[in-house]
Structures are given as C-alpha cells and as structure tokens.
Amino acid sequence: MTTLDFVATNSFVVNDRVNRFGIAHVQLHDELWRVTRRSGEVLGYIERFDESGNQRFRAKRMFSSRRQSLPLGEFWSIDDAIDCFRFS
C-alpha cells in the first residue's frame, strides 16, 4: 500500500473531489488523475485517452507490494472510472 504522508484526513481542498464513498481524485495533468482514500492511501490512477474521436477513461489499480498495476476497465465517464475504485 502506498500512502501519501502529507495527506491528512481533513486536508482535501476545493480542487479535490471526494465522492460519497470517501474516494478522492486529484488531477495531475490534462490526462491523468490520482485516486486516493481520505487516509492518503493511493488506490490507483485514471488516464484519459481518445478512441475513434471519443474521450475514454482507463482505471488502473496500483499495488506497491508488487510494483505493478492492474487494469480495472475503460469507461465513457470519469465518474464511472472513479466508482470502480470503491470495490478495491
């Protein structure tokens, strides 16, 4: 498990979005978001990409113990991509 030490339970600012399951995402650049729990635990990343002229989102679950990621799926909306992390 990767945890960001500088992220406290109450440190989420207005630019972060926290959903009803306590999962937040922070946009790192135009096509990449980091997904975390309120505790700072990094769950994974969401990448935006184009497919046949349409915008898609790919969710990847990170496993620091194995130093690899597991693709969770590709979605038409970022909200759907974020929701898949609630089962992680």
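The values are calculated or read from the model by the stated rules, or taken from the named source; none is laboratory data. Remember, predicted model here, so these are calculated numbers, not experimental data. Using ideal geometry, Cβ is built from the backbone for each residue, glycine included, and neighbour counts are taken over all protein chains shown. We work out accessible area using only protein heavy atoms, side chains counted, and drop any ligands, DNA or RNA first. Shrake-Rupley method; radii C 1.70, N 1.55, O 1.52, S 1.80 Å.
Any chance the stretch 57-64 includes a residue that's over 12 Å from the mean Cα position of the chain (by Cα), of a type in the set (Lys, Arg) and open to solvent by less than 50 Å² (accessible area, probe 1.4 Å)?
no
Every residue in the stretch 1-38 that is among the polar types (S, T, N, Q) and either modelled with pLDDT of 85 or more or in a strand (DSSP E or B) (or both), please. First the steps, then the outcome.
Restricting attention to the stretch 1-38, the residues satisfying the condition of being among the polar types (S, T, N, Q) are 2-3, 9-11, 15, 19, 27, 36.
THR2, THR3, GLN27, THR36, listed by residue number.
Which count do you get for residues in the stretch 27-56 that are more than 13 Å from PHE85 (Cβ to Cβ) and open to solvent by less than 50 Å² (accessible area, probe 1.4 Å)? Spell out the reasoning first.
From the stretch 27-56, those more than 13 Å from PHE85 (Cβ to Cβ) are 27-32, 39-40, 47-56; that's our starting set.
With open to solvent by less than 50 Å² (accessible area, probe 1.4 Å) added as a condition, the list becomes 32, 40, 49, 56.
Number satisfying all stated conditions: 4.
For residues that are in contact with a helix residue (DSSP H, G or I) (Cβ under 7 Å, 6 or more places away or on another chain) and buried (at least 16 other Cβ atoms within 10 Å of the Cβ), scanning just the stretch 65-88, find the one that is nearest to GLU51 (Cα to Cα).
PHE75
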